[in-house]
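What follows is one structure encoded as structure tokens, with my remarks underneath.
No value in this document is a laboratory result; all are computed from the given coordinates. In this text, all values refer to a predicted model and were calculated from it rather than measured experimentally. Every residue, glycine among them, receives a Cβ derived from its backbone with ideal geometry; neighbour counts consider all protein chains shown.
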Amino acid sequence: MAIITLTTDFGDKDYYVSAVKGSVLSELGEKVTLVDISNHIPIFDVRNAAYILRKSFETFPKGTIHIVGVDSEINAKTLPIIMEYKGHYFIGADNGLFSLIYDYPPENLFELRIDINANVLTFPTKDIFAKAACHIARGGTPEIIGVRIKGIKSYQNPRPTTQEKFIRGTVIHIDSYGNAITNISKQVFAEIGKNRPFSIEFRNYDIKKLHTSYSAVVHEGEKLALFNTNNDLEISVNRGVEGYGGSATNLLGLGLNEIVTVTFT
């Protein structure tokens, strides 16, 4: 059975998500499993969508097809594409999002053959991406519905700056709990730190210890730092949601692109 995932900035107020799913089910019926990765990506935020896809897609079996309806408008400069990467298919607009997912060039890239003057451009996620996903799910190949291309629009993920005694990173994602996730990986922390004492500094705060869980600190509302399941350094507040004293974002003032520095002594 084919698996098709959906990542969009549609929200759940309108009919858009159900229309995409209905289109897929009308073609494939019980031969497909539909999974929502997220339909609450901030509107047009390709970096947020890329982060969520990058951290989740490999948990699905190889061969999974990922429909991406974020900043999905199609025009003469932004065309629909299929990307094959690590055995997965990604279908969406060539708006730079897919370049933020991979660590090395994808196995195959295809531009979908469409008439850019056709009326399917008003809702490409349903009328183009979903139909292409159904084609792949039925065993069709991208070559039949697309033409091979060499490259796509490219962005760069922000990388931390490192020296002998410090790492300077940034907050790259705020999750639904208000946790501030940085681009400082556990590997980089270990390579630069060499088991030395450290201070994690941001705004007017510092943290001098890493924890292994949110509840490892004594008090609710207490700040902490840990490496999350993806081995990214995360600044959090224990039970830090509304009603429990505030999250890392509203209690500590951490937002996207905030500087987080680790100093080793």
remark   = At the level of C-alpha centres, the distance separating region 80-136 and region 167-206, in angstrom, is 34
remark   = Dividing the helical contributions, -39500 (n - 2.57) per DSSP H run of n ≥ 4, by the residues of the chain yields a 222 nm value, nearest 500 deg cm²/dmol, of -5000 deg cm²/dmol
ask   = Within a Cβ distance under 12 Å of GLU107, other residues only, what is the Lys/Arg minus Asp/Glu net charge?
value = +2
message = Can you tell me what percent of all Cα-Cα pairs in the chain are more than 28 Å apart?
response = 42
ask   = Any idea which of THR263, PHE44, TYR214 is furthest toward the positive side of the dipole for the chain, if Lys and Arg beta-carbons carry +1 and Asp and Glu beta-carbons -1?
value = THR263
note = Going residue by residue through region 71-88, the Karplus relation 6.51 cos²θ - 1.76 cosθ + 1.60 with θ = phi - 60° gives ³J(HN,Hα) values, rounded to whole Hz and with x marking Gly or Pro, of 6, 8, 4, 10, 8, 5, 9, 10, 9, x, 9, 10, 10, 9, 8, 6, x, 10
request  = State, as an integer percentage, the relative contact order of the chain based on alpha-carbon contacts under 8 Å between residues 6 or more apart.
outcome  = 15
ask   = Summing Lys, Arg as +1 and Asp, Glu as -1, what charge do residues with Cβ under 13 Å from the Cβ of THR229 carry, THR229 excluded?
value = -2
remark   = the chain, Gaussian network, Cα under 10 Å: of ASN119, ASN250, ASN108, the residue fluctuating most is ASN119
task = Work out the count of Lys pairs in region 25-171 where the Cα-Cα distance is under 28 Å, with the pair 8 or more places apart or on different chains.
result = 28
Top of ASN204, ASN228, ASN39 by mean-square fluctuation, Gaussian network on the chain, Cα under 10 Å = ASN204
request  = Loop only per DSSP, at most 10 neighbouring Cβ atoms within 10 Å: give me the GluC sites (Glu not before Pro) in region 186-265, ordered by residue number.
outcome  = GLU242
query = Under the Karplus relation 6.51 cos²θ - 1.76 cosθ + 1.60, θ = phi - 60°, what is the ordered set of whole-Hz ³J(HN,Hα) values for region 127-142, x standing for Gly and Pro?
reply = 8, 10, 5, 5, 5, 5, 4, 5, 4, 5, 4, 7, x, x, 9, x
remark   = Most fluctuating of VAL147, VAL171, VAL237 in the GNM of the chain (C-alpha, under 10 Å) is VAL147
key: Solvent-free Debye scattering, log10 I(q)/I(0), computed from the Cα coordinates of region 163-265 at q = 0.14, 0.15, 0.19 Å⁻¹   = -0.47, -0.54, -0.87
ask   = By the gyration tensor of its Cα atoms, with a ≥ b ≥ c the square roots of the eigenvalues, what is the shape of region 2-148: rounded for a/c under 1.5, prolate for a/b over b/c, or oblate?
value = rounded
task = Pull up all non-local amide H partners of GLY146: gap of 5 or more, or a different chain, and H-to-H distance under 5 Å with H placed in the peptide plane.
result = ARG113
key: region 151-216, Rg to Rh (Cα coordinates; Rh as Kirkwood inverse mean 1/r)   = 1.01
key: For GLY11, net neighbour charge (Lys/Arg +1, Asp/Glu -1) across residues whose Cβ lies under 13 Å away   = -4
